[in-house]
Amino acid sequence: MSVKAFKLVSAVEREMLMGDKNYINIECIECCGKNLYIGTNDCFIYHFLLDEKISTAGKITFAATKQLHKYLGLKKPVSELKAASALTRLLVLCDNTITLVNMMNLEPVPTGARIKGAVTFALNENPVSGDPFCVEVCIISVKRRTIQMFMVFEDRVQIVKEVFTPEQPCAVAVDGYYLCLALTTQYIILNYNTGASQDLFPYCSDEKRPIVKRIGRQEFLLAGPGGLGMFATVDGISQRAPVHWSENVIGAALCFPYVVALDDEFITVHSMLDQQQKQTLPFKEGHILQDFEGKVIVATNKGVYILVPLPLEKQIQDLLASRRVEEALVLAKGARRNIPKEKFQVMYKRILQQAGFIQFAQLQFLEAKELFR
């Protein structure tokens, strides 16, 4: 049964980006605070400011204001963008080279610092260096079966480590010294400091696009065999039951307590608390789904949309109104980490009371008694 957990709201419409130029496609996005960056197939970066507006009726809309756009001078698509806000730098991957540009004016850094030979890259969100003016970047190198770790400063880059992998890597996520890698036939965890590796489970990257996503400290979400979204820790174990996706998932994101997945026809929302599918939103031609500091963004080739979460209290009340007491209580307990303690205790008591009355009305006296107690 469905829960209305998210609403899909348009953020950047095609006219703002391309006018009447139909050949322009969105290749990648990055969002940092109110700053939204879009990389296109004709080698441009666009910078928008996103303003969230809430009407008196509580309806949320987004107004995107274009700041500037910049041509990178190549005939290649901009394939990845990542913001390093502490350095006010944007890392731009185009034509196997990562260039550092200023986040505000999109100009390359004067020193011309860059990382060459990168197929794809990931930032370490749990860095090991302890230097606040540096970001740690892991690249899958154009050299076969090679991963490289870099430290990126405001105007220079420094290679830290080169690691060889048993098979060709095709996707990576980083946490501390741990790399979670999708290789040709399996997922592995690799400690790049000690060289120790741990096999997770088989996966055929020729048949499907692998998904490797860091979702928290020492924990990753992966697209497993049989359309399963699998959770894995750096120790190679799973502390949560998997979620059932469709076979052809393109991207996944986390917005606690939900895992959101995109395939070629739908956006699906599963709860991490009970693994049930809670919502399905029709969405055709989507090819990007990412979360940025809790904001979930989806994009087609021509437009950008934001998945706005409904307040958890509203979702809980909707479940109680549908007499889905168990689900409401599971969601209420899960909301504990998102709500201040005093506020949560008041809310939780009220929910237990409401749930008790619902059970009482259904003549489930023992269950009602426990809830009232």
Self-check item: Single condition ASN102 does not satisfy, out of (1) out of contact with any Cys (no Cβ under 8 Å at 6 or more places or on another chain); (2) of a type in the set (S, T, N, Q); (3) closer than 24 Å to GLY176 by Cβ
Solution: (3)
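Taking the range 21-50 as the search range and keeping residues that are of a type in the set (Asp, Glu) and assigned to a strand (DSSP E or B), which one is most open to solvent (accessible area, probe 1.4 Å)?
Filtering first and then ranking leaves GLU27.
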Quiz item: Being assigned to a strand (DSSP E or B), open to solvent by 10 Å² or more (accessible area, probe 1.4 Å) and at pLDDT below 95, is that true of even one residue in the range 179-186?
Solution: yes
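Per-residue answers, yes or no, for (1) part of a strand (DSSP E or B); (2) within 27 Å of PHE283 (Cα to Cα):
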{"residue": "LYS4", "(1), (2)": "no, yes"}
{"residue": "SER10", "(1), (2)": "yes, yes"}
{"residue": "GLU52", "(1), (2)": "yes, yes"}
{"residue": "ALA57", "(1), (2)": "no, yes"}
{"residue": "PHE62", "(1), (2)": "yes, yes"}
{"residue": "HIS69", "(1), (2)": "yes, no"}
{"residue": "LEU81", "(1), (2)": "yes, yes"}
{"residue": "LEU93", "(1), (2)": "yes, no"}
{"residue": "GLY112", "(1), (2)": "no, no"}
Quiz item: Among the residues of the range 152-161, is there at least one that is assigned to a strand (DSSP E or B), under 23 Å from the mean Cα position of the chain (by Cα) and either crowded, with 16+ Cβ neighbours inside 10 Å or outside the structural domain of VAL128 (by the TED database) (or both)?
Solution: yes
Exercise. Test each condition in (1) free of Cβ contacts under 8 Å to residues at least 24 places away in the same chain; (2) over 27 Å from ILE215 (Cβ atoms); (3) touching a Phe, Trp or Tyr at 6+ places or on another chain (Cβ under 9 Å); (4) not β-branched (Val, Ile, Thr) for ASP131 and report the one that comes out false.
Key: (2)
Quiz item: Can you pull out the helices (runs of 4 or more DSSP H) entirely within the range 266-373 that have at least 3 residues that are touching a residue at least 40 places away in the same chain (Cβ under 8 Å) and under 30 Å from ILE211 (Cα atoms)?
Solution: 325-334
Quiz item: Which pairs have Cβ atoms under 7 Å, sit 6 or more apart or on different chains, and link a residue in the range 232-256 that is closer than 27 Å to ASN301 by Cβ to one that is modelled with pLDDT under 90 and open to solvent by less than 30 Å² (accessible area, probe 1.4 Å)?
Solution: TRP245/GLY227; SER246/GLY227; GLU247/GLY227
Quiz prompt | Among the residues listed as ALA261, ALA368, ALA299, the single one being among the hydrophobic types (A, V, I, L, M, F, W, C) and not assigned by the TED database to the domain that holds VAL78 | solution = ALA368
Practice problem: Provide a single number: the residues in the range 239-266 that are among the hydroxyl-bearing types (Ser, Thr, Tyr) and either open to solvent by 20 Å² or more (accessible area, probe 1.4 Å) or farther than 14 Å from LEU221 by Cβ (or both). | Solution: 1
Quiz item: If you scan the range 209-225, which residues turn out to be surrounded by fewer than 16 Cβ atoms within 10 Å (Cβ to Cβ) and within 16 Å of ALA182 (Cβ to Cβ)?
Solution: ARG209, PRO225
Self-check item: Subset of the range 98-125 (residues that are loosely packed, with under 15 Cβ neighbours inside 10 Å and farther than 17 Å from THR165 by Cβ)
Solution: MET104, ASN105, GLU107, PRO110, THR111, GLY112, LYS116, GLU125
Practice problem: Filter the range 191-213 down to residues that are aliphatic (A, V, I, L, M) and in contact (Cβ under 8 Å) with a residue 40 or more places away in the chain and give me whichever is farthest from ALA232 (Cα to Cα). | Solution: ILE211
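The values are calculated or read from the model by the stated rules, or taken from the named source; none is laboratory data. Since the model is a prediction, treat every value here as computed from it, not as a measurement. Cβ atoms come from the backbone with ideal geometry, glycine included; neighbour counts cover every protein chain shown. Note: accessible area is taken over every heavy atom of the protein model, side chains too, but ligands, DNA and RNA are not part of it. Shrake-Rupley method; radii C 1.70, N 1.55, O 1.52, S 1.80 Å.
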